[in-house]
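Chemist: One structure is given below, represented as structure tokens, and several questions about it will come after.
The values are calculated or read from the model by the stated rules, or taken from the named source; none is laboratory data. Just so it is clear, the model here is predicted, and its values are computed rather than measured. Here the Cβ positions follow ideal geometry from the backbone for every residue, glycine too, while neighbour counts run over all protein chains shown. Please note that ligands, DNA and RNA were not included when accessible areas were found on the heavy atoms of the full protein model with its side chains. Shrake-Rupley method; radii C 1.70, N 1.55, O 1.52, S 1.80 Å.
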Amino acid sequence: MPVTLVEVAARAGVSPATVSRVLNGNYPVAESTRQRVQEAVRELDYVVNAHARALLHSTSGIVGVVLNDASDPFFAGIARGIQGAAAETSRLSVICNSEGDPTQEFAFLELMRGHRADAVILVGAAPEDEEYLAEATARAKGLRSTGTRLVLCGRPAPSEDAPGDVVQIDNEGGSAAVTRHLLELGHRRIAYLTGPDRRTTTTARLAGFRSTVAEAGVEPAEELVVHGDFSRQSGREAVARLLAEGREFTAVLAANDLVAAGAAQALREAGQRVPDDVSLAGYDNLPTALDLWPNLTTVHVPLEEIGRKAVELAFGPAEPRTVITVPTALVVRESTAAPGSR
């Protein structure tokens, strides 16, 4: 039989109410008393009845996390930050993988609404599609109607009247910084490998690249902009295609580090040396950046910090909408150099 609160109280020599106060942390208790209760809990291996606590406090203790791709290190890093911050407040993180499918994403939101999740955190780029945005707004309002806080992480709010807080990444600024680095090295023919079309992250990073090239007075080379996705295979295929078409370029800027890893493979297979023949840069500063040789110049995104900030917003003061922008930082490593310098 499970150990009861009354048994813990008897072992500690206090009232059941005192045990409850210690476990809930919602009432001042003498330190000596707290220690006796905690010792009794350990000795009896008492487990808090989370369901009963949820009924008492009208909360579920659940933080729902919906990711575009749980296997991607980018999303895994943010999820790790969310899980750590939620655990510090004795909340359970439930990780859901939508695989970038809006239908699956909405199904998870409805599931979390049914379970009265304390908060739902949506992580990753959103489709730039009117039908999707309208449905996302309706789902956000549905969550609010049942008391669930919504936080959008790495994506903007779907509309002005959609409830929910936002942790956004300075994707455009980070892309501008790495583009400026390549331009300052002397590169003028820069191949840009994008993420999926009509996705907010893709649009912002590509915009940062294009605006910085234009500001430098460099004639844009749209034939060097190759559209793909955020995978390693996409980067390999994009560079292989550019080389097969005879396109001239002295640098490759990839929309993320996985794409850059694929680009590095294609360059190596073609006998091109990095950075002697072609400079290479990525985005996100994933562990992949240090696995590549030479180590990859990239843009650092503080993934775990982003996850923690999302939890802070989810359980902070309820405002009409709070928007936090997390800065990025250029990390220069050995994969970039001036054209023809080696």
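Chemist: Name the residue that is surrounded by the fewest Cβ atoms within 10 Å (Cβ to Cβ), counting only residues in the stretch 180-203 that are over 23 Å from residue 233 (Cβ atoms) and without any contact (Cβ under 8 Å) to a residue 60 or more places away in the chain. Give the derivation first.
Modeler: Applying the first criterion (over 23 Å from residue 233 (Cβ atoms)) to the stretch 180-203 yields 180-189.
Subsequent filtering for residues that are without any contact (Cβ under 8 Å) to a residue 60 or more places away in the chain retains 180, 183-184.
Details: 180: 17, 183: 18, 184: 10.
Per the stated criteria, the residue is 184.
Chemist: If I filter the stretch 124-131 for residues that are touching a Cys at 6+ places or on another chain (Cβ under 9 Å), under 20 Å from residue 201 (Cβ atoms) and either at pLDDT below 95 or among the small types (Gly, Ala, Ser) (or both), do I get at least one hit? It would help to see each step written out before you state the result.
Modeler: Keep residues of the stretch 124-131 that are touching a Cys at 6+ places or on another chain (Cβ under 9 Å), which gives 124.
If we keep only those that are under 20 Å from residue 201 (Cβ atoms) too, we end up with 124.
So of that shortlist, the ones also either at pLDDT below 95 or among the small types (Gly, Ala, Ser) (or both) come out as 124.
Looking through the stretch 124-131, at least one residue is touching a Cys at 6+ places or on another chain (Cβ under 9 Å), under 20 Å from residue 201 (Cβ atoms) and either at pLDDT below 95 or among the small types (Gly, Ala, Ser) (or both).
Chemist: Filtering the stretch 1-37 down to residues that are under 22 Å from residue 89 (Cβ atoms), open to solvent by 40 Å² or more (accessible area, probe 1.4 Å) and in a loop (DSSP other than H, G, I, E, B), which residue is modelled with the lowest pLDDT?
Modeler: Among those residues, the one meeting the criterion is 26.
Chemist: Of all helices (runs of 4 or more DSSP H) completely enclosed by the stretch 232-342, which ones contain at least 3 residues that are of a type outside the set (Val, Ile, Thr) and within 17 Å of the chain's Cα centre (by Cα)? I'd like the intermediate steps shown before the answer.
Modeler: On the way: elements: 232-244, 257-269, 288-291, 303-314.
It comes to 303-314.
Chemist: So which residues in the stretch 90-107 are within 19 Å of residue 156 (Cα to Cα) and surrounded by 17 or more Cβ atoms within 10 Å (Cβ to Cβ), if there are any at all?
Modeler: 98, 100, 105, 106
Chemist: Another question about this same structure. Looking at this structure, is residue 140 touching a strand residue (DSSP E or B) at 6+ places or on another chain (Cβ under 7 Å) and assigned to a helix (DSSP H, G or I)? If you could, list the steps in order and put the result at the bottom.
Modeler: Details: touching a strand residue (DSSP E or B) at 6+ places or on another chain (Cβ under 7 Å): yes; assigned to a helix (DSSP H, G or I): yes.
Yes, satisfied.
Chemist: On to the next question. Take residue 297 and tell me if it is buried (at least 24 other Cβ atoms within 10 Å of the Cβ), of a type outside the set (D, E, K, R), more than 30 Å from residue 150 (Cβ to Cβ) and touching a Lys or Arg at 6+ places or on another chain (Cβ under 6 Å).
Modeler: Working: buried (at least 24 other Cβ atoms within 10 Å of the Cβ): yes; of a type outside the set (D, E, K, R): yes; more than 30 Å from residue 150 (Cβ to Cβ): yes; touching a Lys or Arg at 6+ places or on another chain (Cβ under 6 Å): yes.
Taking the combined requirement at face value, the residue satisfies it.
Chemist: Given the condition open to solvent by less than 10 Å² (accessible area, probe 1.4 Å), more than 21 Å from residue 183 (Cβ to Cβ) and either acidic (Asp, Glu) or in a helix (DSSP H, G or I) (or both), answer yes or no: does some residue in the stretch 210-226 qualify?
Modeler: Taking every residue of the stretch 210-226 in turn, none turns out to be open to solvent by less than 10 Å² (accessible area, probe 1.4 Å), more than 21 Å from residue 183 (Cβ to Cβ) and either acidic (Asp, Glu) or in a helix (DSSP H, G or I) (or both).
Chemist: Sort out which residues of the stretch 179-200 are at pLDDT below 95 and on the phi < 0 side of the Ramachandran plot, and write them in order of number. Walk me through it before giving the result.
Modeler: Filtering the stretch 179-200 down to residues at pLDDT below 95 leaves 195-200.
Across the stretch 179-200, the qualifying residues are 195, 196, 197, 199, 200.
Chemist: If a residue must be part of a helix (DSSP H, G or I) and closer than 25 Å to residue 199 by Cα, how many such residues does the stretch 83-137 contain? Don't jump to the end; show me each part of the working.
Modeler: Of the stretch 83-137, the ones part of a helix (DSSP H, G or I) are 83-88, 102-114, 130-137.
With closer than 25 Å to residue 199 by Cα added as a condition, the list becomes 102-112, 130-137.
The total comes to 19.
Chemist: Condition check: open to solvent by less than 30 Å² (accessible area, probe 1.4 Å) and aliphatic (A, V, I, L, M). Does residue 122 satisfy that?
Modeler: Working: open to solvent by less than 30 Å² (accessible area, probe 1.4 Å): yes; aliphatic (A, V, I, L, M): yes.
Yes.
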